[in-house]
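Presented below is the structure to which this report refers.
Just so it is clear, none of the values below were taken in a lab; they were calculated from the coordinates. None of these values were measured; they are calculated from a predicted model. FYI the Cβ positions are ideal-geometry reconstructions off the backbone, even for glycines, and counts take in every protein chain you see.
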Amino acid sequence: MDELRKLEQVQKLITLMESRGIAITSSSSSNQFIANFLLLLVQPCGELDFDAKFDLVSEYMPKFSEELLGDVSFLLSDGDYREKEMENILQPYCDNNLDFGSSQNYCGGMAMVGLDAMQRANSTLEDFFRSYFMFHGMDVNKPQSVFKYLPILSFTESYIYQLDTLNEKIVLGGFTFGESQEANERSTRILSVIKSDPLQPLINLLKSHGLLTDRLVHELRSGEEYWALERGLCGALASKGKVSIEDVMRTIHLKSFDYRVLNLLLYQLRGEKVNDLHMEFLSTSELLVEIADDLFDYEDDVLENNFNILRMFVRIYGASAPTALAKYVSEAEEKYERLLKALDPHLSSFYQRRCEEATKEGGKVSAHPFGSWSMPPLIRDEESFRASVMSNIQT
């Protein structure tokens, strides 16, 4: 409630500023900063009245140099600094300043990433470099090839991971929503962030670097569609609602959108035209890998209420889910083999070796195309399964 009250106060101040003709129409961030500054001025501070505060600001503001601000920033980064207390006093009340720790994705229209998101994105980036660089004629074993494009690729993937974390909080909230007013308010705030066009700051950043294309925007927006579909489908499973096969198939196709974003970015960074054959082949490969991962992670996804194609097929087809899924996998494999033959033989050989490496490293027995597809035991009653697992953990 405190965060919402502060947000309301800041919005009222911005409205007042606009009525007095002192708002900055070209910058919402500037308005937020000024509103927070005004809020700080009117808050009680010992024996200081408003005139005393105004005199202090007038006297000392010219002494606030860039060097001093840099020293302050360094000082406050010390481990002994009580970050949470100071946040409540000084930090601007940006729309997504909702106590998500390192999951904050942007502030005042500026794209930002946290350490946790960077750490989570690292494994995806490593896989992307090792699996996709070959399609650009690049050697992943040459550090200069990696580090030349790492900043933009790492920032983009980390930003996406932050938003994915927010979405996971909403999806997982399906089991706790309604337990308390605080939990409800937290879920509502998170939902408002993920629905408030959170990708726009990243799009603005890529545009400022001359990297934005219509195709790249389309793939980024498909990520928003994926998160919305995941929320709807997992919510339907949790509430025993209806699940649409069309939504399920659309979701599994969108799930690897971040790989396609990275690949399109790499084409832009290198100034090369997109190779549509390579994109189609890799998209098909991504689909099969996602299905394989879902089979491998099936029980964990049931526990955490994550999107999982087998979960969805079990809801739709019941005991016939493995047969229906096997048919779909078979069709995808046929397309994969057809596109694989259309690749340059040298590239095809390289990529198949990389698949073998990834299968061994991941420990997955179901990874396409060199592992066997292994269907885990179906979980028909997810609630009982979760209760059983929790009971075993507690004992």
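Things worth noting here:
- Per-residue packing, averaged as other Cβ atoms within 10 Å, sorts the ranges 378-384, 11-17 into the order 11-17, 378-384, beginning with the highest.
- Computed FRET value (nearest 0.05) for LYS360 with HIS136, which takes r as the C-beta separation and R₀ as 22 Å: 0.35
- In this rough spin-label picture, where each label sits 7 Å from Cα along the Cβ direction, the SER19-ILE245 distance is 5.9 nm.
- Among 37-49, 237-249, the peptide with the highest mean count of other Cβ atoms within 10 Å heads the list, and the full ranking is 237-249, 37-49.
- Per-residue extension of 0.36 nm, minus the Cα-Cα distance of VAL42 and GLU383, leaves a gain of 117.5 nm for this segment.
- Peptides 306-312, 214-220 ordered by packing proxy, namely the average of other Cβ atoms within 10 Å per residue, highest first: 306-312, 214-220.
- Residue pairs, from the table LYS255/LYS360; LYS169/LYS360; LYS12/LYS53, whose Cα atoms sit over 27 Å apart: LYS169/LYS360
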